[in-house]
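Let me begin by presenting the structure, written as structure tokens, before commenting on it.
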Amino acid sequence: MSALALKYGVTDQQLGTMITDQHIAAVSQFLVRWEDVAHQLGVSRIDLTAIRQEPGITAQTKNQRVLEKWKAANFRSATYKVLVETLDKLSEAQCADQVCGLICGGATGGGAQNTASPVQHQTQGSQALALEKPTLRAIKNLEEKGVYVIQSIGTNYSDFGIFLLDDPNGAKVDEIKENNRGICTKINEEIIKLWLKGGEKGSPVTWDTLLSALGKAKLCTLEEDLKAAISQ
């Protein structure tokens, strides 16, 4: 296994896969230094100028344009490995880790062939929150709706974990962080797994509890996206 794969907890086979359009859209939400990334990926000056001059577009849209131009020019050579190596060289380990989290999440969730999330079979609205017990698969299956819970928590795992695990001193979160080498996607997943075991006092395993923890951790956009996804 390569040093890059070991560093970010993925396999070389996963890294060698061509990036999907769905993941390009997801990466665009957290990518930073888009121009530096574009230069490293070999996006042409003409394309860069066009992106800069496109009126009224957000930073997220610029990110997406860069990744789309890169993929269009390289096709099957536009792999996760190339992107992760680029981010690693730019000392953007946090972003690289989030990209690898998408790879792992997609692999575990099983993509579009997986059984639909149980919440899709609920009646509608807030009844889904009250009646359905969340599972790790259900949370990862929400990626098909564009909601990347584990990845989007990012470096806010301390506050999120304290609220979700009812861990006011942060001892459980610190232990999880130490066991997972500070890699945020792994930390976030382990926090959720511990909560899902149902052994945390004062923190019942319900969608309402998860939403509440996200809100208290000031992850309000993710909270609203999750609420909308599980209410469909």
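The values are calculated or read from the model by the stated rules, or taken from the named source; none is laboratory data. This is a predicted model, so every value here is computed, not measured. Cβ atoms come from the backbone with ideal geometry, glycine included; neighbour counts cover every protein chain shown. When the accessible area is computed, the model is the full protein with side chains, heavy atoms only, and any ligands, DNA or RNA have been set aside. Shrake-Rupley method; radii C 1.70, N 1.55, O 1.52, S 1.80 Å.
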- Message: So if I check each of Val27, Val99, which one is touching a Phe, Trp or Tyr at 6+ places or on another chain (Cβ under 8 Å) and in contact (Cβ under 8 Å) with a residue 24 or more places away in the chain?
- Response: Val99
- Message: Just to verify a result, which residue in segment 66-91, among those that are outside any helix (DSSP H, G or I) and hydrophobic (A, V, I, L, M, F, W, C), is surrounded by the fewest Cβ atoms within 10 Å (Cβ to Cβ)?
- Response: Leu90
- Task: Tell me which residues, restricted to segment 37-65, are part of a helix (DSSP H, G or I) and more than 22 Å from the chain's Cα centre (by Cα).
- Result: His39, Gln40, Arg45, Ile46, Asp47, Leu48, Thr49, Ala50, Ile51, Arg52, Gln53
- Report the residue count in segment 181-199 for those that are within 10 Å of Ile150 (Cα to Cα) and either out of contact with any Ser or Thr (no Cβ under 8 Å at 6 or more places or on another chain) or in a loop (DSSP other than H, G, I, E, B) (or both). 8
- Considering (1) in a loop (DSSP other than H, G, I, E, B); (2) open to solvent by 20 Å² or more (accessible area, probe 1.4 Å); (3) farther than 23 Å from Tyr8 by Cβ, say which one Pro134 fails and leave the rest. (2)
- Message: Among the residues in segment 147-167, are any touching a residue at least 60 places away in the same chain (Cβ under 8 Å), farther than 24 Å from Asp97 by Cα, in contact with a Ser or Thr (Cβ under 9 Å, 6 or more places away or on another chain) and open to solvent by less than 40 Å² (accessible area, probe 1.4 Å)?
- Response: no
- Taking segment 177-193, which residues are under 19 Å from the mean Cα position of the chain (by Cα) and open to solvent by 50 Å² or more (accessible area, probe 1.4 Å)? Lys177, Arg181, Lys186, Glu190, Lys193
- Task: Enumerate the pairs (first residue in segment 211-229 and more than 18 Å from Thr135 (Cα to Cα); second residue anywhere and among the hydrophobic types (A, V, I, L, M, F, W, C)) with beta-carbon separation below 7 Å, excluding pairs fewer than 6 apart on the same chain, so at least 6 apart or on different chains.
- Result: Lys216/Phe163; Ala217/Phe160; Ala217/Phe163; Leu219/Ile153; Leu219/Phe160
- Taking only segment 195-230 into account, find how many residues are surrounded by 13 or more Cβ atoms within 10 Å (Cβ to Cβ) and either closer than 13 Å to Phe160 by Cα or hydroxyl-bearing (Ser, Thr, Tyr) (or both). 15
- Working only within segment 171-186, note down all residues that are among the hydrophobic types (A, V, I, L, M, F, W, C) and under 17 Å from Leu102 (Cα atoms). Ile183, Cys184
